[in-house]
Amino acid sequence: MTRLSKKDVLRADQFTRDDIDLILARASEYEAALASKRELDLLRGKILATLFFEPSTRTRLSFEAAMQRLGGRILTVSEAKSTSASKGETLHDTIRTVDGYADAIVIRHPDIGSAEVAARATAKPVLNAGDGAGEHPTQSLLDLYTIQKEQRKADGLTIALVGDLKHGRTVHSLATLLSQFKVSFLFVSPQTLRMPRGIVGRVQERGIAFRETEDLGHALGEADVIYMTRIQRERFADAAEYDRLKDAYVLTRAALVKAKPSITVMHPLPRVNEIAVDVDDLPGAAYFRQSANGVPVRMALLALLLS
Ligand code: NCD
């Protein structure tokens, strides 16, 4: 039994610093095991259900890879219209049903708070893989893991979060998780897409220095880590407003000349045009390494929750 056994993973603020250290140390062991092609069977006999009511490539596939790498099996729903939700079934009833089939449930859903609703419907662990414009706590763990690998530490770093900070669930969870470290933040967004005040308040409570700006060029000179995000088209009620903002920030190789040579460039992906492809082969372009880190980090989470 570990402290995390049978727990849900719903929000980034639920993790203590000890939890974070435990999960990421375990992830590092799994990364080494994967590299040495060692087969693992810790979760043999267990079943993970992945229920995705919104599109996903990385999150769903890396959870499924993680479960299978640990010897477990998966049940997957990747299209909401294939479930009884399209017949009017409530999320509560869907989860009560899946409770009968699986040992843990990963859910992505368009509504903020949906993972909490799911967690109330089952005693089994529920993992929030994105609740609308709310949170994405497992992504923030792999983001932190990536920062620590690329920069050798998190403490002391200046981290710029750029783009749609209002609707971007990955940055909500990451700002929350990093508030447990001695970082400073640059929140770079258009005025109408600023970081929600609740999250800014949490950062302030922790005594973390932060600045809000619309100017990416300004942030580029100071940042150790630059975390780009997509403008979240699906969260806009007004298509014209999306069109006005969609090209707000495009990071190019030329612009990075101003940055520290040691800068790490991250993105939760998918990218639209926020990072020009000419950035991809720079040594600091970490976004595909970041997505690969999803497997060992999710292995660690599943192992700690299910074993
Ligand atoms: C993101 C998501 O779905 O929140 N991607 C991910 O999970 N890696 C980011 C996005 O959709 O922009």
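The values are calculated or read from the model by the stated rules, or taken from the named source; none is laboratory data. Nothing here was measured: the structure is a model prediction, and the numbers come from that model. So basically every Cβ, Gly included, is an ideal-geometry build from the backbone, and we count neighbours across all protein chains shown. For the accessible areas, the whole protein counts, side chains as well, though only heavy atoms, and no ligand, DNA or RNA atoms are used. Shrake-Rupley method; radii C 1.70, N 1.55, O 1.52, S 1.80 Å.
In a shell of Cβ-Cβ distance under 12 Å around residue 147, excluding residue 147 itself, what net charge do Lys and Arg (+1) and Asp and Glu (-1) give?
Value of the local net charge: 0.
Over region 1-113, what is the mean sequence separation of C-alpha contacts under 8 Å (at least six apart), divided by residue count, expressed as relative contact order in percent?
For region 1-113, the relative contact order is 29 percent.
For the chain, with the dipole built from +1 on Lys and Arg beta-carbon atoms and -1 on Asp and Glu ones, taken about the Cα centre, which of 191, 251, 113 lies farthest toward the positive end?
113
Taking amide hydrogens as modeled 1.01 Å from N in the peptide plane, which residues meet the under 5 Å criterion relative to residue 186, leaving out close sequence neighbours?
Close amide H contacts, sequence-distant or interchain: 159, 160, 161, 211.
Cβ neighbours within 10 Å, averaged per peptide: list 84-92, 45-53 in order, most packed at the top.
Going from most to least packed, we get 45-53, 84-92.
Please arrange 257, 203, 77 by accessible surface area, largest first, computed with a 1.4 Å probe and ligands excluded.
Ranked list, largest accessible area first: 257, 77, 203.
Using the Karplus curve 6.51 cos²θ - 1.76 cosθ + 1.60 with θ = phi - 60°, what ³J(HN,Hα) values do you get for each residue of region 177-186, in whole Hz, with x for Gly and Pro?
5, 5, 5, 7, 10, 8, 9, 10, 10, 10
What are the ³J(HN,Hα) values, in whole Hz, obtained from phi via the Karplus relation 6.51 cos²θ - 1.76 cosθ + 1.60 with θ = phi - 60°, for each residue of region 100-109 in sequence order, with x given for Gly and Pro?
x, 10, 9, 8, 7, 10, 9, 10, 10, 8
Counting only C-alpha contacts under 8 Å and six or more residues apart, can you give the relative contact order of the chain as a whole percent?
22 percent
If you take every residue apart from residue 58 with its C-beta less than 15 Å away from the C-beta of residue 58, what net charge results, scoring Lys and Arg +1 and Asp and Glu -1?
So the environment of residue 58 carries a net charge of +4.
For Cα pairs less than 8 Å apart in space and 6+ apart in sequence, what is the mean separation divided by the residue count of region 137-291, i.e. the relative contact order in percent?
Answer for region 137-291 is 25 percent.
With the chain treated as a Gaussian network of Cα nodes joined by springs under 10 Å, which of 262, 62, 184 yields the largest mean-square fluctuation?
Looking only at 262, 62, 184, the biggest GNM fluctuation is shown by 262.
Sort 286-292, 161-167 for me by packing, meaning the mean count of neighbouring Cβ atoms within 10 Å per residue, highest on top.
Most protected by this proxy first, the peptides run 161-167, 286-292.
Taking the Cα centroid of region 13-59 and of region 199-276, what is the distance between the two, rounded to the nearest whole Å?
Rounded to whole Å, the Cα centres lie 27 Å apart.
For labels at residue 252 and residue 233 in the simple 7 Å Cα→Cβ model, what's the distance in nm?
Here the answer is 2.2 nm between the modelled labels.
Around residue 90, what is the net charge, scoring Lys/Arg as +1 and Asp/Glu as -1 over all other residues with Cβ under 15 Å from its Cβ?
With Lys, Arg at +1 and Asp, Glu at -1, the net is -2.
In the structure shown, do any of 46/182; 87/124; 149/182 have a Cα-Cα gap over 28 Å, and if so which?
Listed pairs above 28 Å: 46/182.
Per DSSP H run of at least 4 residues, take -39500 (n - 2.57); add these up for the chain, divide by its residues and hand me the 222 nm value, nearest 500 deg cm²/dmol.
Helix contribution divided over all residues of the chain: -11000 deg cm²/dmol.
Pop out the ³J(HN,Hα) list for region 66-78 in order, Karplus 6.51 cos²θ - 1.76 cosθ + 1.60 with θ = phi - 60°, rounded to Hz; leave Gly and Pro as x.
The phi angles translate into 4, 4, 6, 5, 9, x, x, 10, 10, 10, 9, 10, 10 Hz.
If I build a Gaussian network model for the chain, linking alpha-carbon pairs within less than 10 angstrom, which residue out of 70, 193, 282 has the largest mean-square fluctuation?
Ranking 70, 193, 282 by mean-square fluctuation puts 282 first.
Would you please classify the overall shape of region 27-175 from the alpha carbon gyration tensor, given that a ≥ b ≥ c denote the square roots of the eigenvalues, rounded means a/c under 1.5, and beyond that prolate means a/b larger than b/c while oblate covers the rest?
The shape class here is oblate.
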